[in-house]
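Some notes on the structure that comes next.
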Amino acid sequence: MNRKLRFGMIGGGRGAFIGAVHRIAAQMDGKAELVAGAFSSDAERSKASGADLFLDPARVYGSYEEMARAESAAPLDSRLDFIVIVTPNHQHFPPAKLFLESGFNVVCDKPVTFNLAEARALKKIVAKSKKVFALTHNYTGNVMVKQARDMVRAGELGDIRKVVVEYPQGWLSTHLEATGQKQAGWRTDPKRSGAAGCIGDIGTHAENLAHYVAGLQIDSLCADLTTFVKGRKLDDDGNILVRYKGGAKGVLHASQISVGDENNLNLRVYGTKAAVEWYQEHPNELIVKFPDKPRQIWRRGNGYVGARAGSFTRIPAGHPEGYLEAFGNIYREAFRAIEAEVTGQPQPKDLDFPTIDDGVEGMAFIETAVKSSKLGAKWVKFPKL
């Protein structure tokens with residue numbers, strides 16, 4: 001393309017956390033620019049947020065419905081190429097549906113929808129629209145996560161026997177939502193978050209990371225979800241056993257009451273030949289372990305990293321890359337698909353970003369975990385996707 005992609009944002013205004021992250025990531029490679037937005041359900045707050053971002057006031061809207069009407073009627077040389085949805089979970093499906101059916105590509109924050117029924121419906125809408133739908137499970141954008149995945153695919157670990165994935169945080173160890181804290185408020189509200197709290201918010205990241213690297217499909221799971229903080233309406237801790245198709249076993253732990261932990265997402269994949277271990281708080285390193293020789297620490301940016309994974313490296317070795325760069329890599333790959341869609345070219349065959357399929361799997365994971373826990377931590381079959 002001989003121009004930048006144009007995008008609009010739904011949500012992500014003043015007081016939001018993830019909106020700013022998306023804006024940084026989307027503009028990291030200079031391939032896209034924010035030109036429009038409906039940044040809040042409050043029209044005045046939306047206008048104020050647009051002013052903060054120096055946008056044309058005429059393209060700052062009081063609602064996403066207003067934005068869809070106006071942008072659908074805009075001339076092709078100024079029309080949006082895609083929109084980004086960064087609202088609480090209950091506000092994902094309606095704007096995604098509207099904009100897809102109005103002819104726009106969509107990037108959406110996770111989890112994809114409020115429930116599994118919406119996710120399945122959205123999958124049909126995406127297929128019918130023939131538009132690009134990207135889901136920002138951003139941790140899969142890390143270079144050494146991709147290296148681990150490539151090693152599994154190449155058979156370097158042998159047959160996968162066990163997967164252990166953990167995501168402990170401590171920020172909700174008190175009744176923070178009662179203080180009016182915005183991020184805690186919607187994440188612990190079943191009317192906005194959905195059927196799960198911790199398992200929906202960060203458990204889906206853990207499940208997606210394990211699936212991305214190990215390439216295994218869940219057959220059934222046994223979940224024990226707990227609400228430790230008195231007065232809280234959704235789970236704040238979860239411990240899940242997983243049986244994968246083919247015989248491998250898994251352990252998934254997600255918690256937001258693990259005092260002292262920040263964002264300690266980590267993954268261990270054990271095969272018959274070797275194992276890999278990755279920690280989100282030390283994202284530039286991948287630990288590789290063997291049965292008959294010392295463990296190795298592989299570091300991003302070095303020549304021994306595989307060519308495909310290495311292609312996602314942005315700066316030389318020794319200059320740390322992390323959360324924002326991984327997010328940027330998700331957008332970089334999504335942009336390849338969006339550019340092809342906008343210019344009428346065939347989709348590249350080597351695209352590497354989370355799609356609606358990952359979203360449906362994530363919602364199935366939430367629904368199955370909640371069901372299992374309500375049944376007293378019984379084994380429940382994973383639904384067909």
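What follows draws every value from the coordinates through simple rules; no lab data is involved. Given the structure is predicted, the values throughout are model-derived calculations rather than measurements. Don't worry about glycine lacking a Cβ; one is built from the backbone with ideal geometry, like all the others, and counts go over all protein chains shown.
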Note to self: If you average 1/r across every pair of different Cα atoms in the stretch 231-385 and take the reciprocal, what Kirkwood value do you get, in Å?
What the structure shows: 19.1 Å
Check: What FRET efficiency comes out for the pair SER63/GLU33, r = Cβ-Cβ distance, R0 = 22 Å, nearest 0.05?
Finding: 0.50
Next item on the list: Note down the relative contact order for the stretch 123-279 as a percent, whole number, built from C-alpha pairs under 8 angstrom at least six residues apart.
Entry: 34 percent
Check: Given a Förster distance of 22 angstrom, what is the FRET efficiency for ILE24 paired with LYS245, based on the Cβ-Cβ distance and rounded to 0.05?
Finding: 0.05
Item checked: Normalised alpha carbon radius of gyration of the stretch 167-269 [divisor 2.2 N^0.38 Å] -> 1.11
Note to self: Per residue of the stretch 128-137, what does 6.51 cos²θ - 1.76 cosθ + 1.60 with θ = phi - 60° give for ³J(HN,Hα)? Whole Hz please, x for Gly and Pro, Karplus curve as stated.
What the structure shows: 5, 6, 6, 9, 7, 10, 10, 10, 8, 7
Item checked: Label-to-label distance, nm, for residues given as ALA70 and ARG14 (7 Å Cα→Cβ offset) -> 1.8 nm
Check: Build a GNM of the chain with springs between Cα atoms under 10 Å: which of ARG161, ARG120, ARG69 gets the top mean-square fluctuation?
Finding: ARG69
Next item on the list: Using the Cα centre as the reference, give the magnitude of the dipole from point charges on the C-beta atoms of the chain (Lys, Arg: +1; Asp, Glu: -1; all else neutral), rounded to the nearest 20 debye.
Entry: 820 debye
Notebook entry, point to check: If we count every other residue with Cβ under 14 angstrom of ASP42's Cβ, Lys/Arg +1 and Asp/Glu -1, where does the sum land?
Noted result: +2
Next item on the list: Given the options PRO291, PRO88, PRO320, state which has the largest fluctuation in a GNM of the chain using a 10 Å cut-off (strictly under) for Cα springs.
Entry: PRO291
Next item on the list: Name the most mobile residue of GLY247, GLY170, GLY203, meaning the one with the largest mean-square fluctuation, in a Gaussian network model of the chain with Cα contacts below 10 Å.
Entry: GLY247
Next item on the list: Pairs to check: LYS245/LYS381; LYS47/LYS233; LYS245/LYS384; LYS162/LYS371; LYS245/LYS293; LYS130/LYS384. Give those whose C-alpha atoms are more than 21 Å from each other in this structure.
Entry: LYS47/LYS233; LYS162/LYS371; LYS245/LYS293; LYS130/LYS384
Note to self: Between ALA121 and SER41, how high is the FRET efficiency from 1/(1 + (r/R0)^6) when r is the Cβ-Cβ distance and R₀ = 35 Å? Nearest 0.05.
What the structure shows: 0.95
Note to self: Using helices alone, I'd like the mean residue ellipticity at 222 nm for the chain: each DSSP H run of four-plus residues gives -39500 (n - 2.57), total over residue count, nearest 500.
What the structure shows: -10000 deg cm²/dmol
Notebook entry, point to check: Separation of the stretch 87-148 and the stretch 222-267 by C-alpha centroid, Å?
Noted result: 24 Å
Next item on the list: With unit charges on the beta carbon (Lys/Arg positive, Asp/Glu negative), name the residue among GLY247, TYR64, VAL259 whose Cα is farthest towards the positive pole of the charge dipole of the chain.
Entry: GLY247
Notebook entry, point to check: From Cα coordinates alone, what are the radius of gyration and Dmax values for the stretch 98-195 in angstrom?
Noted result: 18.4, 50
Check: Using the Kirkwood formula over every pair of different C-alpha atoms, what hydrodynamic radius in Å results for the stretch 1-127?
Finding: 14.6 Å
Checklist line | Residue order, fewest to most surrounding Cβ atoms within 10 angstrom, among ILE297, ILE240 | finding: ILE297, ILE240
